[in-house]
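Structure first, then comments.
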Amino acid sequence: MRRKMAAGNWKMNGLSANLAEVAAMNDAAKESDCDVLLCVPATLISAIDDAAPDVVTGAQDCHQNVSGAHTGEISAEMICDAGAEYVILGHSERRADNGETDKCVHEKTNAAWAAGLKAIVCVGETLDQRKSQNTLDIIGGQLATSIPDLATGENLVVAYEPVWAIGTGLTPTTDQIGEVHDFIRMRLERRFGEGVGRSVRILYGGSMNPKNVSEIAVVSNVDGGLVGGASLRATDFIPIIKTLS
Ligand code: PGA
């Protein structure tokens, strides 16, 4: 049985003044039957880890190297040291803004695992790729190259995030989500064996909100959500946590 996960991705949002929102989320997390995770800017990891013991904290990126002359970067070990348990890797905004490739995501995932972090590896197609019916080829390629060989149900979560659904208010149909999640499950089982392949959680991300979460949550092989905008406020995120519980 895979435990559901409600994962928030705060992106470049959040100040210490927002910790009051997190206190309310923590109360919901305490009563929930799912894992509640907040992937926050590195500046907030330690404060949220202290203020919200029932919320698991995560980061949104890490560097692939252990240490060294990389001004402005943060290593996996530093994130872990600040109190994070998870790190999002290969988010489409980093792929677009920072030119991150599947190979780079692979290296970062290995770095995260070496530091004892769990990786949430993001995959997803653009609108052009979907329109030209390349979705499954794109996702298959991203999975094959981004995820290293030593994946387990403990150290890996996969997030399917169609690029065109992120921050747009658009979502795929439940049939489209199910098709991609079933495909990801099949590829994970084929590569890592049935045991591992069945234990890795697959999250849906892209404009998930309190209104659409209940129909997405019951789609085959959807084990939770990676939620951007709707994870910033307790009034939006708490109903999502409750639906996924
Ligand atoms: P969104 O973002 O929920 O605001 O669409 C999701 C994400 O990018 O992880």
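The values are calculated or read from the model by the stated rules, or taken from the named source; none is laboratory data. Because the structure is predicted, anything quoted here is derived from the model rather than measured. Using ideal geometry, Cβ is built from the backbone for each residue, glycine included, and neighbour counts are taken over all protein chains shown. Surface areas here come from the heavy atoms of the whole protein model, side chains and all, with no ligands, DNA or RNA. Shrake-Rupley method; radii C 1.70, N 1.55, O 1.52, S 1.80 Å.
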Could you go through region 71-85 and let me know if any residue there is closer than 21 Å to Ile139 by Cα and within 13 Å of the chain's Cα centre (by Cα). no
Checking the condition out of contact with any His (no Cβ under 9 Å at 6 or more places or on another chain) and away from the ligand (no atom under 14 Å from the Cβ), which residue from Ile241, Ile216, Ile177 passes? Ile241
Is it the case that Gly197 is within 15 Å of the ligand (Cβ to nearest atom), closer than 25 Å to Arg130 by Cβ and either at pLDDT 95 or above or part of a strand (DSSP E or B) (or both)? no
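Each row is one residue, and each column tells you yes or no for (1) free of Cβ contacts under 8 Å to residues at least 40 places away in the same chain; (2) in a loop (DSSP other than H, G, I, E, B).
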position	(1), (2)
Gly58	no, no
Gly68	yes, yes
Gly72	yes, yes
Ile88	no, no
Gly99	yes, yes
Ala119	yes, no
Arg130	yes, no
Asp137	yes, no
Asp149	yes, yes
Being in contact with a Phe, Trp or Tyr (Cβ under 7 Å, 6 or more places away or on another chain), closer than 20 Å to Thr173 by Cβ and not in a strand (DSSP E or B) is the filter here; which residues of region 200-245 pass it? Ile216, Val222, Ala230
Give Arg190, Arg233 a once-over and let me know the one that is over 15 Å from the mean Cα position of the chain (by Cα), free of Cβ contacts under 8 Å to residues at least 12 places away in the same chain and either within 24 Å of Asp27 (Cα to Cα) or open to solvent by 40 Å² or more (accessible area, probe 1.4 Å) (or both). Arg190
In region 104-111, is there at least one residue being open to solvent by 40 Å² or more (accessible area, probe 1.4 Å), more than 22 Å from Ile184 (Cβ to Cβ) and of a type in the set (S, T, N, Q)? no
